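Here's the structure we're looking at; comments come further down.
The values are calculated or read from the model by the stated rules, or taken from the named source; none is laboratory data. Remember, predicted model here, so these are calculated numbers, not experimental data. Cβ coordinates were reconstructed from backbone atoms using ideal geometry, including for glycine residues, and neighbour counts include every protein chain displayed. Side chains are part of the model used for accessible areas, which takes the heavy atoms of the whole protein and leaves out ligands, DNA and RNA. Shrake-Rupley method; radii C 1.70, N 1.55, O 1.52, S 1.80 Å.
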Amino acid sequence: EAGVTQFPSHSVIEKGQTVTLRCDPISGHDNLYWYRRVMGKEIKFLLHFVKESKQDESGMPNNRFLAERTGGTYSTLKVQPAELEDSGVYFCASSLSVGVLNTEAFFGQGTRLTVV
Amino acid sequence: KNEVEQSPQNLTAQEGEFITINCSYSVGISALHWLQQHPGGGIVSLFMLSSGKKKHGRLIATINIQEKHSSLHITASHPRDSAVYICAVLSGSARQLTFGSGTQLTVLP
């Protein structure tokens, strides 16, 4: 069974450009999470989807970040326009259905974003 | 908001040594994860626990709910264990994880 996959693995873009990160969760996982780790800091929550709906987007840093999960399958996270402080590793995780609180989260390999 | 603290931040050990990494949190939780991240790699979930103790190979994770504390132990450490180990907690009705800052472990041959 495929795990959580993220694309691309690395991205280097110039300040002001747009980048779109993609996450394919494990099939059947309703919960999808985006997290970010910036240099020297701990991993921080960005947002949580339950199927196609945004359950919690309290961690999104500003309106330059837009996340979607069309049809409740894969998710994209777009940064537009990118700023230097957006550099970091973006992780995606998925877990089983909402009703079971203590389900294990499975993480992707992450996308390393560098804004220059 | 749950505060998650890990110690030590950095740990260097000789191959074969017994290693302990600690995690404390400030608010009651429903589950705690121990995660591993290799350099340039993704995050792998090692354990998810809400009480007691779990063992997988040379790895042991324990949690004390009353003391709000968990430990990750590695027996007979090996250079391939070198990685960042991260503690993350799921609190109450929160659906997302709160992460510790991680412990960089280096095991020397």
Q: List the lysines whose Cα lies under 26 Å from the Cα of B:LYS68, skipping any in the same chain that are fewer than 8 positions away.
A: A:LYS41, A:LYS44, B:LYS1, B:LYS53, B:LYS54, B:LYS55
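What do you get when you divide the Cα radius of gyration of the range A:1-105 by 2.2 N^0.38 Å, with N the number of residues?
So the range A:1-105 has a normalised radius of gyration of 1.05.
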Q.
With +1 on the Cβ of every Lys and Arg and -1 on the Cβ of every Asp and Glu, and nothing else charged, how large is the dipole of chain A about its Cα centre, in debye rounded to the nearest 20?
A. 220
Q: May I ask you to give the percent of accessible area on chain A that is carbon plus sulfur, with a probe radius of 1.4 Å?
A: 50
Q) What's the Cα-based Rg to Rh of the protein assembly as shown, Rh via Kirkwood? A) 0.97
Q | Dipole in debye (nearest 20) - chain B, about Cα centre, beta carbon charges: Lys, Arg +1; Asp, Glu -1 | A | 340
**Q.** Over the range B:1-81: Rg over Rh, Cα atoms, Kirkwood Rh
**A.** 0.96
Q.
Taking 4 °C and 1.567 mPa s as the conditions, I'd like the Stokes-Einstein D for the range A:41-100 in µm²/s, using the Kirkwood hydrodynamic radius from alpha carbon pairs.
A. 102
Q: Might you tell me the accessible area per residue for the range A:3-55, computed with a 1.4 Å probe and given in Å²?
A: 52
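Taking beta carbons within 10 Å but only from partner chains, what does the mean come to for residues A:30-42?
The per-residue average across the peptide is 2.
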Q.
Sort A:46-53, A:13-20 by packing, meaning the average of other beta carbons within 10 Å per residue, with the highest value first.
A. A:46-53, A:13-20
**Q.** Convex hull per residue volume in Å³, alpha carbons only, for the range B:51-109
**A.** 101
**Q.** Solvent exposure of chain B as accessible area per residue, Å², 1.4 Å probe
**A.** 46
